1. Heavy-atom accessible area of Glu61 with all protein chains present, probe 1.4 Å, nearest 10 Å²?
2. With each pseudo-label sitting 7 Å past Cα toward Cβ, what's the Leu99-Leu85 distance in nm, one decimal?
3. Please turn the phi angles of the range 115-125 into ³J(HN,Hα) values with the Karplus equation 6.51 cos²θ - 1.76 cosθ + 1.60 (θ = phi - 60°), one per residue in order, whole Hz, x for glycine and proline.
4. State, to one decimal in nm, how far the label point of Asp52 lies from the label point of Tyr70, with both points 7 Å from Cα in the Cβ direction.
5. Each label point is 7 Å from the Cα along the Cα-to-Cβ direction; what then is the distance between the points at Asn78 and Arg60, in nm?
6. From the backbone phi of the range 56-64, what are the Karplus-calculated ³J(HN,Hα) couplings (6.51 cos²θ - 1.76 cosθ + 1.60, θ = phi - 60°) in whole Hz, Gly and Pro given as x?
Amino acid sequence: SNPAVDNTSKDQNCCHVITNNMIIVTPIKEKANNENDNHDALVSSSTPYVVDIYNNFRDRERITSVRPNYLDFQPHINNQMRSMLIDWLVEVHLNFKLLPETLYLTVNILDRYLARKEISRKKLQ
């Protein structure tokens, strides 16, 4: 039951979270007297910019995201080949005990590359 507010709110004791076109305000704990605890100060000082930051993220995502049907434009590669490559990447990821973010970024980079560059089956292998 968090009250929704508009983006003109300047309440420094709240943390704003954007959901669709609404901002949800939830109280944050009082600032600690400890000099090492800068988290609350950072949250309080950044709240006026949250709407702009998320709008920027959404705009960048729209511009940079890969089309869902990008493989339709690859004459030499199909969904099964991509799937086999991703399976191999997952095996490598697990063998080396890498962070999940590494796998996500690898798949993202692969998809971005395949969306922009036509490659042959031989090069994919």
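1. It works out to around 120 Å².
2. In this crude spin-label approximation the distance works out to 2.5 nm.
3. Each residue's phi maps through the Karplus curve to give 6, 9, 10, 7, 10, 8, 4, 4, 5, 5, 6 Hz.
4. 3.1
5. Between Asn78 and Arg60, the label points sit 3.8 nm apart.
6. Running phi through 6.51 cos²θ - 1.76 cosθ + 1.60 with θ = phi - 60° gives 5, 4, 5, 4, 5, 5, 4, 6, 9 Hz.
The values are calculated or read from the model by the stated rules, or taken from the named source; none is laboratory data. Everything numeric in this text was worked out from a predicted model, so none of it was measured. Note that each Cβ is placed from the backbone with ideal geometry, even for glycine, and that neighbours are counted across all protein chains shown. What goes into the accessible areas is simple: the full protein's heavy atoms, side chains included, and nothing from ligands, DNA or RNA. Shrake-Rupley method; radii C 1.70, N 1.55, O 1.52, S 1.80 Å.
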